[in-house]
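The values are calculated or read from the model by the stated rules, or taken from the named source; none is laboratory data. The structure presented is a predicted model; accordingly, all values stated were derived computationally and were not measured. Reconstructed Cβ throughout: ideal geometry from the backbone, glycine too, with neighbour counts over all protein chains shown. Only protein heavy atoms, including side chains, enter the accessible area calculation; ligands, DNA and RNA are left aside. Shrake-Rupley method; radii C 1.70, N 1.55, O 1.52, S 1.80 Å.
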Amino acid sequence: LSDILNSLMVKCPAQECHEEVSLEKYNHHVSSHKESKEALVHINKGGRPRQHLLSLTRRAQKHRLRELKIQVKEFADKEEGGDVKSVCLTLFLLALRARNEHRQADELEAIMQGRGSGLQPAVCLAIRVNTFLSCSQYHKMYRTVKAITGRQIFQPLHALRNAEKVLLPGYHPFEWQPPLKNVSSRTDVGIIDGLSGLASSVDEYPVDTIAKRFRYDSALVSALMDMEEDILEGMRSQDLDDYLNGPFTVVVKESCDGMGDVSEKHGSGPAVPEKAVRFSFTVMRITIEHGSQNVKVFEEPKPNSELCCKPLCLMLADESDHETLTAILSPLIAEREAMKGSELILEMGGIPRTFKFIFRGTGYDEKLVREVEGLEASGSVYICTLCDATRLKP
């Protein structure tokens, strides 16, 4: 049948051409005409009409674009060092801009520059902390915004947790000169058991409670690295050279207080004692020795704010239970006493710098001053929670 069809004679439809050719040779004859081929009748090869590129399967898309892919690869190898991805993204970007689809183009450009179309995880973490959102409240906001806008503007909680690791103690290397007594030389210290470092309980008192804490020196390092930009900016504002390595003197205010009854707040977890106590600290002031005087490079503007208060130890205990409190806090106090006679060496702004620490217990209330600090009687010698003024020396 095909032989019969191919042998059929067809008259050429082109003007001034009355030649008759067989159907088999018709395509070749038509292509020899120099005029526009649109006016000529072409042979329908049959088959289904071409589908739109985006409606095809991935395999069919690759097949359809094979020739273009080869050309793009040749161009990328020749002009862009083989970076096919950047060539394709740039082509896509130019196509979006040409069609005035600038919102999509801006998002694509952000991805190409490594910024992403949404907020950075560290920015989302700062938003969550500064607006006092719990994890569940933040997650609800994240889901709502994503559902309404169709875009992931906020990052999921796991991304925030990864960003938080940089801010937690145990991330930055440091060194003490001379080394601290009875403290490990390891610097990658994260959250530890609150009773670690306790040789034996006070008067063989059985300590039966849950406590979690950071090592004091590791927590101080993390706090200082959080303030790196403030410290360097403070040096510049005082016309000091950035390369000065110290010694810096850091005044730390300690605080310890009960958090009240938490028995109704623990959810469906294990049964816990009714009361909780938190020990924390705030970096109040940082000065640097320059010439014959101390120059102030940082001072906390809101020393009683929750935002500058760094938690150090959290224990499920009653603040009136002095034996338990003293047992849990005694290793922490021992670390602090060791730091008083040593200097911290920490790399900040690319330069190893030296820090000395002065500790003030101005954040204790009267009940917590007794055995923990050894201050006289039940009243604190400090008369202000914002500075280190005492009854003896206002």
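Worth a mention:
- Cα-Cα separations in region 121-165 greater than 18 Å, expressed as whole percent: 19
- Shown in residue order for region 240-253 are the 3J(HN,Hα) couplings computed by the Karplus curve 6.51 cos²θ - 1.76 cosθ + 1.60 at θ = phi - 60°: 9, 6, 4, 7, 4, 9, x, x, 8, 10, 10, 9, 10, 9 Hz (x for Gly and Pro).
- Summing +1 for each Lys or Arg and -1 for each Asp or Glu among the other residues whose beta-carbon sits under 15 angstrom from that of residue 130 gives -1.
- Cα-based shape type of region 174-363, given that a ≥ b ≥ c are square roots of the gyration tensor eigenvalues and the cut on a/c is 1.5: prolate
- Note that region 319-324 has calculated 3J(HN,Hα) couplings of 5, 7, 7, 5, 5, 4 Hz, one per residue in order, obtained from phi through the Karplus relation 6.51 cos²θ - 1.76 cosθ + 1.60 (θ = phi - 60°); glycine and proline are x.
- Region 121-165 - accessible surface per residue (Å², probe 1.4 Å): 64
- Near the amide H of residue 290, within less than 5 Å, lie the amide hydrogens of 295, all on another chain or at least 5 residues away, with H placed in the peptide plane.
- Region 60-137: C-alpha gyration tensor shape, a/c 1.5 cut-off, then a/b vs b/c: prolate
- Residues 139, 18 ordered from highest to lowest accessible area at a 1.4 Å probe: 18, 139.
- For region 278-367: rounded, prolate or oblate by the Cα gyration tensor [a/c cutoff 1.5]: prolate
- For residue 343, the residues whose amide H sits under 5 Å from its own are 177, ignoring neighbours fewer than 5 places away on the same chain, with H placed 1.01 Å from N.
- Listed residue pairs exceeding 32 Å between alpha carbons, taken from 181/310; 25/78; 69/146; 181/296; 69/165: 25/78; 69/146; 69/165
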